[in-house]
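Asks: Can you read through this structure? Questions will come right after.
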Amino acid sequence: MNVSLSTQSRKMVFHLAGCPYERRIRYANREEISRNEAVHMGYRSCRYCGTMRAYHHIQEWYLDGVRRKSGVEFTLVKDTDTLYMRTDVGFWKIFNSGEMKYSLYHLNHFDPSLTTERMIHSTFHRQNDVRPSSSPNQLIRYILKHDEAMKIIADDYRKLPQNTRKEKKYYEIAKRRDRRQKGRRVNMLLDSLSRGETPASKWVSIS
Ligand SMILES: [Zn+2]
């Protein structure tokens with residue numbers, strides 16, 4: 001995502017499109033470049049639009065669309081300037097690590113019966129296959145794709161798309177995981193049988 005800046009500014013600040021301060025930049029002095037270029041030139045993010053809070057406000061229409069279309073839930077925690085996103089199968093944290101660079105974290109153990117409040121205070125890991133971005137929208141699109149894939153895997157990993165290199169990689173990961181889980185289920189079944197127990201119904205349906 002590009003940012004806007006004034007080439008004549010002594011404050012050396014860059015803005016997100018839609019920031020009220022961005023609109024004050026004269027057309028002749030305005031330049032749109034990438035966030036990384038702006039930082040490289042010595043510019044810093046605007047104190048207003050460089051926050052998750054302002055992003056949440058400026059991009060409200062976008063977040064509303066995602067909410068309506070995908071049934072996800074967004075929670076903005078103003079104290080830590082962090083946005084949380086809850087889907088059917090996962091819980092995510094988009095953290096502003098400064099200068100309009102947003103990193104993505106994934107909840108370690110998703111349990112749909114937990115409240116959002118509880119999940120916010122649980123442990124997350126950094127989602128390493130997605131680079132930090134100046135655009136939370138980009139991270140949100142990643143989350144939607146990721147969790148859509150998770151739902152397919154839970155059903156049958158063989159239905160996953162295999163068009164791109166990344167999709168092929170996910171397919172292989174899902175395939176390995178599926179084999180491991182099947183192996184584990186068989187072991188648990190053998191275990192309970194050897195103890196003379198009646199296997200629980202969920203272990204019976206092994207294909
Ligand atoms: Zn701004």
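The values are calculated or read from the model by the stated rules, or taken from the named source; none is laboratory data. These numbers were taken from a predicted model, which means no experiment stands behind them. A quick note on method: Cβ atoms are made from the backbone with ideal geometry, for glycine too, and the neighbour counts reach across all protein chains shown.
Asks: Can you tell me which residue among Asp156, Asp147 is closer than 21 Å to Arg180 by Cα and at pLDDT 90 or above?
Replies: Going through Asp156, Asp147 in turn, the sole match is Asp147.
Every residue, every condition in (1) within 12 Å of the ligand (Cβ to nearest atom); (2) in a loop (DSSP other than H, G, I, E, B); (3) in the same structural domain as Met119 (by TED's automatic domain parsing), yes or no:
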site: Cys19; (1), (2), (3): yes, yes, no
site: Arg23; (1), (2), (3): yes, no, no
site: Glu32; (1), (2), (3): no, no, no
site: Val39; (1), (2), (3): no, no, no
site: Trp61; (1), (2), (3): no, no, yes
site: Asp64; (1), (2), (3): no, no, yes
site: Lys69; (1), (2), (3): no, no, yes
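Asks: Would you tally the residues in the stretch 35-59 being surrounded by 20 or more Cβ atoms within 10 Å (Cβ to Cβ), over 15 Å from Thr7 (Cα atoms) and more than 19 Å from the chain's Cα centre (by Cα)?
Replies: 1
Asks: Name the residue, out of Leu107, Leu114, that is surrounded by 13 or more Cβ atoms within 10 Å (Cβ to Cβ), assigned by TED's automatic domain parsing to the domain that holds Ala149, more than 13 Å from the chain's Cα centre (by Cα) and free of Cβ contacts under 8 Å to residues at least 24 places away in the same chain.
Replies: After applying the criteria, what remains is Leu114.
Asks: So, in the stretch 77-94, exactly how many residues are in contact (Cβ under 8 Å) with a residue 40 or more places away in the chain and touching a strand residue (DSSP E or B) at 6+ places or on another chain (Cβ under 9 Å)?
Replies: 7
Asks: Please specify each residue of the stretch 117-161 satisfying the condition of being assigned to a strand (DSSP E or B) and either within 11 Å of the chain's Cα centre (by Cα) or closer than 15 Å to Arg86 by Cα (or both).
Replies: Phe124, Arg126, Ser133
Asks: What single numbered condition from (1) away from the ligand (no atom under 14 Å from the Cβ); (2) assigned to a helix (DSSP H, G or I) fails to hold for Arg53?
Replies: (1)
Asks: Now for a separate question. Of all residues in the stretch 84-110, which are within 15 Å of Val72 (Cα to Cα) and either among the acidic types (Asp, Glu) or in a helix (DSSP H, G or I) (or both)?
Replies: Selection gives Asp88 alone.
Asks: Still on this structure, I have one more. Only one of (1) at pLDDT below 90; (2) over 30 Å from Val39 (Cα atoms); (3) not in a helix (DSSP H, G or I) fails for Lys169. Which number is that?
Replies: Unmet for Lys169, out of (1) at pLDDT below 90; (2) over 30 Å from Val39 (Cα atoms); (3) not in a helix (DSSP H, G or I): (3).
Asks: Do we have Arg86 as more than 16 Å from the ligand (Cβ to nearest atom), within 19 Å of Asn137 (Cβ to Cβ) and in contact with a helix residue (DSSP H, G or I) (Cβ under 9 Å, 6 or more places away or on another chain) here?
Replies: yes
Asks: Moving to a separate point now. Any idea which of (1) away from the ligand (no atom under 12 Å from the Cβ); (2) assigned by TED's automatic domain parsing to the domain that holds Ile140; (3) out of contact with any helix residue (DSSP H, G or I) (no Cβ under 9 Å at 6 or more places or on another chain) is the one Asn96 doesn't satisfy?
Replies: Among (1) away from the ligand (no atom under 12 Å from the Cβ); (2) assigned by TED's automatic domain parsing to the domain that holds Ile140; (3) out of contact with any helix residue (DSSP H, G or I) (no Cβ under 9 Å at 6 or more places or on another chain), the lone unmet condition for Asn96 is (3).
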